[in-house]
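The values are calculated or read from the model by the stated rules, or taken from the named source; none is laboratory data. Just so you know, these numbers come straight off a predicted model, no measurement behind them. Methodologically, a virtual Cβ is constructed for each residue, glycine included, from the backbone with ideal geometry; neighbour enumeration extends over all protein chains shown.
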Amino acid sequence: MTMEQILFYLMAVIAIASALYVAATRNLVRSVFMFFVTLMAIAGLFVLCMADFVAITQVVIYVGGILVLIIFAFMLSGRETLSNLQHQSKFISISKLPALILAGLFFIVLLNIILKGNISGLMWTEKAVLTNNVISAKDTTIDNIGVNLMSNYLLPFEAISILLMMALVGAAHLSRKERSA
C-alpha cells in the first residue's frame, strides 16, 4: 500500500467518523467543531485528488465562511432555543423512519455502484491516458484560474464581492435586536 492510499483512507475515515458524530451528537458546540474537522478532511481528500483549487475553495468558503456563520448563529441564539434543540427526541425514532429508510436505500445503491463498477475500464479515462490528457502532480491549475480571475473575469469577480458584502451587511442589520422605545 502506497503512502497516498494510506493518506486517502485516513482522510476518508476521519471525514466519515466526524460526519457521523455531527449527525449523532446532541451537544451543539461539539457538533460545530466536529463539522470543522469534517470539512478539513474533505479538503484533504480534494488535495489528494489533485483538485487544489477545489480544496482551497473548500477551506476558504466552507470553513472560513459558512462555519463562522454557524458559530455566530449559535452565539446569537437564545439559551431557551439551544436547550430545546438539545432535548429533542432520540436519534432513531418512529418519526424519523422515512429518512432512515431513504438513507439506507442510498447506502445500498452506493455500495452496489462501488462493488459492480469497473473504474479502471472506463472509456473516457482510457482515452485520456492514450491522448496524454492527464494532470500530473507537478501541474498547477491555480495559476490559470488566478490569471483569468484578475484579467478576463475581474468585473464579475468584483460584482460578486460587492453583492456578498451587501448580503453580509443586510444579515447583520436583520440580526440586530431592536430596542423598545
Out of ILE42, ILE16, sole residue that is modelled with pLDDT of 85 or more and either over 20 Å from GLY65 (Cβ atoms) or over 15 Å from the mean Cα position of the chain (by Cα) (or both): ILE16
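Anything in the range 85-113 that is at pLDDT below 65 and either assigned to a helix (DSSP H, G or I) or polar (S, T, N, Q) (or both)? List them, or say none. Quick ask: steps written out before the conclusion?
To start, the set of residues in the range 85-113 that are at pLDDT below 65 comprises 85-92.
Passing the criteria: LEU85, GLN86, GLN88, SER89.
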Count of residues meeting criterion [surrounded by fewer than 17 Cβ atoms within 10 Å (Cβ to Cβ), within 23 Å of VAL134 (Cα to Cα) and either under 11 Å from the mean Cα position of the chain (by Cα) or of a type in the set (Val, Ile, Thr) (or both)] in the range 48-73: 3
Near pairs, Cβ below 6 angstrom, 6+ apart or cross-chain, from the range 125-150 (in the same structural domain as THR57 (by TED's automatic domain parsing) and hydroxyl-bearing (Ser, Thr, Tyr)) to any residue that is exposed (fewer than 11 other Cβ atoms within 10 Å of the Cβ) and modelled with pLDDT of 70 or more: none
Can you tell me how many residues within the range 117-161 are within 24 Å of the chain's Cα centre (by Cα) and at pLDDT 80 or above? 3
